[in-house]
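Here's the structure we're looking at; comments come further down.
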Amino acid sequence: MSVFSEKAVIGTDVTEAARRLNAGEVVAVPTETVYGLAGNALNREAVLQIFKIKRRPSFDPLIVHCADAEEAFRYAVRVPPAAFMLAEKFWPGPLTLVLPSRGVVPEVVNAGLPTVALRVPAHPLFIQLLQQVDFPLAAPSANPFGYVSPTQASHVFEQLGDKIGYILDGGPCQLGLESTIVGFEKNKPVLLRLGAIPTVQLQQLFPDIAFKIQASSNPSAPGQLTSHYAPRKKVLWCKDFNESSEADPSTAYLVFGSMKPTQAPSSNILNLSEGGNYHEAARNLYHLLRQFDTGPWRRLKVFPLPEDDEGLAHTINDRLRRATASFS
Ligand code: TXA
Ligand code: MG
């Protein structure tokens, strides 16, 4: 499938990444949320390569990344005032806006939808890259479709290293959860995907914001397929520690803070944040799910995080739920 007989180069050379993108190649890029698999959003062939490398179904549209808000809004029409307010507050950052498309971005990006998903990312290397090229970059998370998103260059290398030529290394992702996706109905914001923006911050701006988070198949935001973000091995959702009473050496436990099942050996404990910090937990989540998948255990038990004031537990629990969905 790949044109590359060698493994991807991992580096920090923005000019090299830009050169490859200009040549129509797909490269992995760091963002503040997760690593992306980027290609020229205006080049149909490059976009098709992204779908192919990811084995992503063609009905699942991509996010278009732009260097600034002014450029992003150029690809949309009939932008509601609420969208400008959201952009003002959260861009550059982990917010994706779904807006009516102007029709400049080719249909293959939007999977034929009349809308386009736009984001201005905050990672300094990615911004530099966007400034060096003359086009926006379509980029889904840089993982095989349905698998856990990558939050380090090495995660991308392990899974897609023989399918791409270059991975721009921006270090571990600061946030560790995908962007929050907001669409609009009758000009009012509608939350389509929980993400790195804590829900309380959105509700401060729009107290009555509607939630339309998809949990079934055939969704309007297909990244919401129930069994998304899932490791390959068995993940079990446990309401609390009582639900996981028997000791079992082949079970790992994904915990948060100082609480852990008393019977579990410490070598089987994967802790999202020893100090009970929700931002740290978000940053560690996908790395620990990968560590479980490549580790010696047969199954992982996960426990919902207690709700926090910011609403970040909301997103983390959503991802934990989806990681278990194909097994429960
Ligand atoms: O943080 C992120 O958003 C990362 C980084 C790389 O920017 N990207 C990411 O992309 O998570 P991806 O492709 O894994 O998820 C994008 C989601 C998909 O669920 C897709 O269905 C939704 O965005 N989406 C894209 N265009 C859409 C549209 N026109 N209407 C509704 N949903 C859309
Ligand atoms: Mg994804």
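The values are calculated or read from the model by the stated rules, or taken from the named source; none is laboratory data. On a predicted model such as this, the values are computed, not experimentally measured, just so you know. Counting neighbours? That spans all protein chains shown, and the Cβs are built from the backbone with ideal geometry, glycine included. Keep in mind that these areas ignore ligands, DNA and RNA; they rest on the heavy atoms of the full protein, side chains included. Shrake-Rupley method; radii C 1.70, N 1.55, O 1.52, S 1.80 Å.
When only the Cβ of Lys, Arg, Asp and Glu is charged (+1, +1, -1, -1), the dipole of region 82-240 relative to its Cα centre reaches about 400 debye. Heavy-atom accessible area for I181, with the other protein chains in place and a 1.4 Å probe, reaches approximately 20 Å². The lysines within cross-link reach of K188, meaning a Cα-to-Cα straight distance under 28 Å and a gap of 8 or more places when in the same chain, are K89, K212. Using a 1.4 Å probe on the protein heavy atoms, what percent of the accessible area of the chain belongs to carbon and sulfur? Ligands and nucleic acids excluded, carbon and sulfur reach 51 percent. Work out the charge dipole of region 246-294 with +1 on the Cβ of Lys and Arg and -1 on the Cβ of Asp and Glu about the Cα centre, then indicate which of A282, L270, G257 is farthest towards its positive end. Going by the Cα projections, it comes out as A282.
Sequentially through region 56-64, phi angles give Karplus couplings (6.51, -1.76, 1.60; θ = phi - 60°) of 8, x, 5, 7, 9, x, 9, 8, 9 Hz, Gly and Pro residues having no value and appearing as x.
Shape class for the chain, computed from the alpha carbon gyration tensor (a ≥ b ≥ c): oblate, with a/c not under 1.5 and a/b at or below b/c. Scanning residues 5 or more positions from F256 or on other chains, those with amide H under 5 Å from its amide H are L272, with H placed 1.01 Å from N in the peptide plane.
For region 236-282, the alpha carbon positions stretch 30, 22, 16 Å along the principal axes, listed from largest to smallest. Solvent exposure of the chain amounts to 42 Å² per residue of accessible area, where only protein heavy atoms count and the probe is 1.4 Å.
Here the dipole of the chain is about 920 debye; that uses its Cα centre as origin and unit charges on the Cβ of Lys and Arg (positive) and Asp and Glu (negative).
Close amide H contacts of A122 (hydrogens built in the peptide plane, cut-off under 5 Å, sequence separation of 5 or more or a different chain): E32, G93.
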